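Heads up, the thing below is written out as structure tokens.
The values are calculated or read from the model by the stated rules, or taken from the named source; none is laboratory data. If you're wondering where the values come from, they're calculated on a predicted model, not measured in any experiment. Ideal geometry is used to build each Cβ from the backbone, glycine not excepted, and the neighbour counts take in all protein chains shown. Side chains included, ligands, DNA and RNA excluded: accessible areas come from the protein's heavy atoms. Shrake-Rupley method; radii C 1.70, N 1.55, O 1.52, S 1.80 Å.
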Amino acid sequence: MDFDLSDDQRLLKDSVERLIADKYGFENRKKYMQQPDGWSREIWAQLAELGLLGLPFAEQYGGFGGGSVETMLVMEAFGHGLVLEPYVSTVVLGGGLIRGLGSAAQQAAILPAIAEGKRLLAFAHVERHSRYDLFDVVTTAKREGTGWTLNGAKSVVLHGDSADQFLVTARIAGGQRARDGIGLFLVDAKGAGVSRRGYPTQDGLRAAEVTLSGAAGEAVGDPGAALPGIEHAVDRTIAALCAEAVGVMASMQELTLDYLKTRKQFGRAIGEFQVLQHRAVDMLIAEEQARSMALFATVMADEINPVERTRAIAAAKVQIGRSGRHVGQECIQLHGGIGMTMEYKAGHYFKRMTMIDKLYGDADQHLTTLAKLGGLFGAAA
Amino acid sequence: MDLTFTEEERAFRAEARRFFRSEVPESIRRKVTEGIDLTKEDIVTSHRILNARGWATPNWPVEWGGQNWSPVQLYLYQDEMQQAGVPGPLAFNVSMVGPVIAQFGNEATKRRFLARAANLDDWWCQGFSEPGSGSDLASLRTTAKRVGDKYIVNGQKTWTTLAQHADWIFCLVRTDPAAKKQEGISFILIDMTTKGITRRPIQTIDGGHEVNEVFFDEVEVPAENLVGEENKGWDYAKFLLGHERTSIARVGQSKAQVARIKRLASLERAGEGRLIDDLRFQEKLAAVEVELKALEMTQLRVVAAARHQVKGKPDPASSILKIKGSDIQQVLTELVMDVVGPYVLPYQSPEDGSNEPPVGPDYAVGAAPSYFNDRKVSIYGGSNEIQRNIIAKAILGL
Ligand SMILES: Cc1cc2nc3c(=O)[nH]c(=O)nc-3n(C[C@H](O)[C@H](O)[C@H](O)COP(=O)(O)OP(=O)(O)OC[C@H]3O[C@@H](n4cnc5c(N)ncnc54)[C@H](O)[C@@H]3O)c2cc1C
């Protein structure tokens, strides 16, 4: 049993944390948000330089061959900084889909470009009534010559407004909620028949509505059986988001603790009120439970057995959702009025935390998934 | 023990329901239920419709436009108003400054301000909190120094709700720096157009502009704007905060939210069926309904007991209503987010003036902002921690 990081991992952690401390202060973040993309191309270039954009890719594709622990370290630091850049969309999820499902030629064409900071991807799967179900797909793909033609509308495509290419789920056969017959298609964001409408999300990041009318697509993986690969890439993404959430929670915990020590009412620091001490303790416990489950998700993210992996990832997302809700609400409450303002950082963490719960299934949805799989521990004989 | 309303009370409820739903424009009521910010004009319009019927200030003394209603009638009025999504008459006018002036002001002050406040001819805002004085309000530092027939006011108020619309502000100010905290405070009325007053907007995390900072730099206020006696302001403030016994539970508003959530959940698909038919969702909502019913019963017990109590004296039971009522309001905003699922994410300002259709269903627009904004209900008006302190002391004797 060993929770220690290797030397390389410690180095990675230090360098990412330094980058965030130096470049991602609250004021800087506001400026990045004002950039045309809603995030900073300059930061993106620095992430490329540090090798972070190729972190999970094999060396032959210009990557570092990092595993899920490396991704976790980066994401936790990003949580502290409330990073706006499309790292999850492009590297973790986009790159993960290409890595898991793409042909050697596709990997060779796309992964090095991502690693160099020259290619942005976005995963387009949500539809008007799909909620969080990846297999609920109405968008269609039809074979035409050597390629595919896509028709449909995708919603809340994270970082879809700046993406160069979309990775679109589309149906080549079967009913709306059939697990079979789903393919993943690369679609050029500027191609004919593709239109998009970008907007900010509640946490200050970006997303887009994407419409496909006769858009040309290139299949990634088996177009009739892409779902298991998609699910694995999404599970890895959830693990990464859990790590980000831990960074967000830890920041809220720190801010609150600081505030309790400095805010004076009734002639003393409010942290001297025992009732508030206990509230801070409960925040810490919630955060520690979340951290433990984020670690669990990290080690299980590469699990090949889909049932075991799904159990673990669902459990982690439940814990993250619940802990995050608790820590976030308490962070605002214990700050009083100041926690409610845009000018102060706490509210921004709270908003990001709230949105993380809504990505790739909320706590309720994952709880049902886990319950239906019989929970985490076996029954007595 | 009889939990039914009398025939007259039932008739009154029916009349209130008809009035609120037929007289107050639907467009305004819909905004309230959907958590979309009201414009100044919306608030004024709705307030004046109520006042035209004498229903903006039912709790005032009769000679100043009150209705002399029983506590039950007052409850029914609020319940129907909230369920219909009618914005309450501006609280700063009708529940705060009005009752204080009516109770403690002199004749001239009453004649000058009460009718205008009732009709929202003057928009009032509340200048109590300061950067250093929130829960510990009595530590406030804004000063008013008597010079001849004027007070000179210096200092800063903050979190001043809707001060951007206000014509007047009622303030707690320190008039005797030497006295014990609570004993050197006065209650004074200040014209917002007076020289030396600056307002600065504070943006809240939902993106809205609802609160402000208000700065006072050598502001001259006529001495006649003092309410009641100098250095008695703390008593008046306590009277003000204890005035609203039961409406803070917001039971009617929460009932309207439950109804709305049920309607929206029937429009959303979940899996093979509709969200409203999903057992997990049903149970989650039903659990809140149980809490809400319990709160309603508790509120009715407080209403019934109010018959035997001295008017204007704060009832510590109202702290129970505040805590539970705010909890329920907040949980319901989470359920609305559950309903809209991934469509929680897009940030869409309802008043950005664009003609583009909303992303996703139109009811998703306010889901996250309402959740963010409603964090306030457990912070303001005496935070839920302060309410618990009150209960511990006043009810439990700890
Ligand atoms: C949206 C909004 C609108 C508002 N509108 C107005 C307005 O129009 N006019 C106005 O005057 N004010 C207004 N307020 C101010 C509001 O009344 C204060 O925010 C409130 O009194 C809390 O004060 P504070 O924010 O300074 O928090 P603090 O008092 O600093 O409290 C911070 C935390 O410590 C806790 N705490 C403090 N003391 C104790 C204690 N003794 N025991 C246990 N816990 C304690 C609090 O509960 C809170 O969780 C508004 C606030 C908000 C958020």
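Taking A:Val281 and the conditions (1) in contact with a helix residue (DSSP H, G or I) (Cβ under 9 Å, 6 or more places away or on another chain); (2) open to solvent by 10 Å² or more (accessible area, probe 1.4 Å); (3) away from chain B (no Cβ under 13 Å); (4) at pLDDT 95 or above, which numbered condition does it fall short on, given that it satisfies the others?
Against the list (1) in contact with a helix residue (DSSP H, G or I) (Cβ under 9 Å, 6 or more places away or on another chain); (2) open to solvent by 10 Å² or more (accessible area, probe 1.4 Å); (3) away from chain B (no Cβ under 13 Å); (4) at pLDDT 95 or above, A:Val281 comes up short only on (1).
Which condition does A:Gly361 not pass, out of (1) more than 14 Å from every other protein chain (Cβ to nearest Cβ); (2) touching an Asp or Glu at 6+ places or on another chain (Cβ under 9 Å); (3) among the small types (Gly, Ala, Ser), if it passes all the others?
Just one mismatch for A:Gly361, condition (1).
Could you please give the count of residues in the stretch A:235-271 that are buried (at least 20 other Cβ atoms within 10 Å of the Cβ) and under 31 Å from the mean Cα position of the chain (by Cα)?
Residues meeting the conditions: 21.
Can you name the residue in the stretch B:366-394 that is away from chain A (no Cβ under 11 Å) and either outside any helix (DSSP H, G or I) or among the small types (Gly, Ala, Ser) (or both) and is also nearest to the chain's Cα centre (by Cα) among such residues?
Result: B:Gly381.
Which of the numbered conditions does A:Thr201 fail, given that it passes all the others? Conditions: (1) within 14 Å of chain B (Cβ to nearest Cβ); (2) in contact (Cβ under 8 Å) with a residue 60 or more places away in the chain; (3) within 16 Å of the ligand (Cβ to nearest atom).
Only one criterion in (1) within 14 Å of chain B (Cβ to nearest Cβ); (2) in contact (Cβ under 8 Å) with a residue 60 or more places away in the chain; (3) within 16 Å of the ligand (Cβ to nearest atom) is unmet by A:Thr201, namely (3).
Of the residues B:Ile205, B:Ile185, B:Ile190, only one is open to solvent by less than 30 Å² (accessible area, probe 1.4 Å), within 14 Å of another protein chain (Cβ to nearest Cβ) and at pLDDT 95 or above; which? Lay out the reasoning, then the answer.
Values: B:Ile185 fails: within 14 Å of another protein chain (Cβ to nearest Cβ); B:Ile190 fails: within 14 Å of another protein chain (Cβ to nearest Cβ).
Selected residue: B:Ile205, the only one of B:Ile205, B:Ile185, B:Ile190 that is open to solvent by less than 30 Å² (accessible area, probe 1.4 Å), within 14 Å of another protein chain (Cβ to nearest Cβ) and at pLDDT 95 or above.
If I go through the stretch A:303-336 residue by residue, how many of them are among the β-branched types (Val, Ile, Thr), within 16 Å of the ligand (Cβ to nearest atom) and in contact with an Asp or Glu (Cβ under 9 Å, 6 or more places away or on another chain)? Even if it seems obvious, please write down each step before you answer.
Taking the stretch A:303-336 as the starting set, the residues that turn out to be among the β-branched types (Val, Ile, Thr) are A:304, A:307, A:310, A:313, A:318, A:320, A:327, A:332.
Retained after the next criterion (residues that are within 16 Å of the ligand (Cβ to nearest atom)): A:327, A:332.
Checking the rest, the ones that are also in contact with an Asp or Glu (Cβ under 9 Å, 6 or more places away or on another chain) come to A:327.
Matching residues across the stretch A:303-336 total 1.
How about the stretch B:340-388: which of its residues are of a type in the set (Phe, Trp, Tyr) and within 16 Å of the ligand (Cβ to nearest atom)? Quick ask: steps written out before the conclusion?
Of all residues in the stretch B:340-388, those of a type in the set (Phe, Trp, Tyr) come to B:343, B:347, B:363, B:371-372, B:380.
Residues satisfying the conditions are B:Tyr371, B:Phe372, B:Tyr380.
Can you tell me which of (1) within 16 Å of the ligand (Cβ to nearest atom); (2) within 17 Å of A:Met340 (Cβ to Cβ) is the one B:Ile391 doesn't meet?
(2)
For the stretch A:121-154, which positions are surrounded by 22 or more Cβ atoms within 10 Å (Cβ to Cβ), assigned to a strand (DSSP E or B) and within 14 Å of another protein chain (Cβ to nearest Cβ)?
Hits for the stretch A:121-154 are A:Ala122, A:Phe123, A:Ala124, A:Lys154.
Do we have B:Thr198 as over 30 Å from A:Tyr349 (Cβ atoms), open to solvent by 70 Å² or more (accessible area, probe 1.4 Å), β-branched (Val, Ile, Thr) and away from the ligand (no atom under 15 Å from the Cβ) here? Steps first, answer last, please.
Details: over 30 Å from A:Tyr349 (Cβ atoms): yes; open to solvent by 70 Å² or more (accessible area, probe 1.4 Å): yes; β-branched (Val, Ile, Thr): yes; away from the ligand (no atom under 15 Å from the Cβ): yes.
Yes, satisfied.
Looking only at residues that are within 13 Å of the ligand (Cβ to nearest atom) and not charged (D, E, K, R) in the stretch B:208-232, which one is most open to solvent (accessible area, probe 1.4 Å)? Before the answer, list the steps.
Kept after step one, since they are within 13 Å of the ligand (Cβ to nearest atom), are these residues of the stretch B:208-232: B:208-214.
From what is left, the residues that are not charged (D, E, K, R) are B:208-209, B:211-212, B:214.
Details: B:Gly208: 9, B:His209: 78, B:Val211: 17, B:Asn212: 3, B:Val214: 0 Å².
Filtering the stretch B:208-232 for residues that are within 13 Å of the ligand (Cβ to nearest atom) and not charged (D, E, K, R), the one most open to solvent (accessible area, probe 1.4 Å) comes out as B:His209.
Here's the yes/no breakdown for (1) modelled with pLDDT of 95 or more; (2) open to solvent by 50 Å² or more (accessible area, probe 1.4 Å):
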| site | (1), (2) |
| --- | --- |
| B:Leu3 | no, yes |
| B:Ala14 | yes, yes |
| B:Glu23 | yes, yes |
| B:Asp37 | no, yes |
| B:His47 | yes, no |
| B:Arg53 | yes, yes |
| B:Ser70 | no, no |
| B:Tyr77 | yes, no |
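Only one of these is within 22 Å of A:Asp133 (Cβ to Cβ), within 14 Å of chain B (Cβ to nearest Cβ) and open to solvent by 10 Å² or more (accessible area, probe 1.4 Å): A:Val318, A:Val275. Name it.
Numbers: A:Val275 fails: within 22 Å of A:Asp133 (Cβ to Cβ).
Of the residues listed, the single one that is within 22 Å of A:Asp133 (Cβ to Cβ), within 14 Å of chain B (Cβ to nearest Cβ) and open to solvent by 10 Å² or more (accessible area, probe 1.4 Å) is A:Val318.
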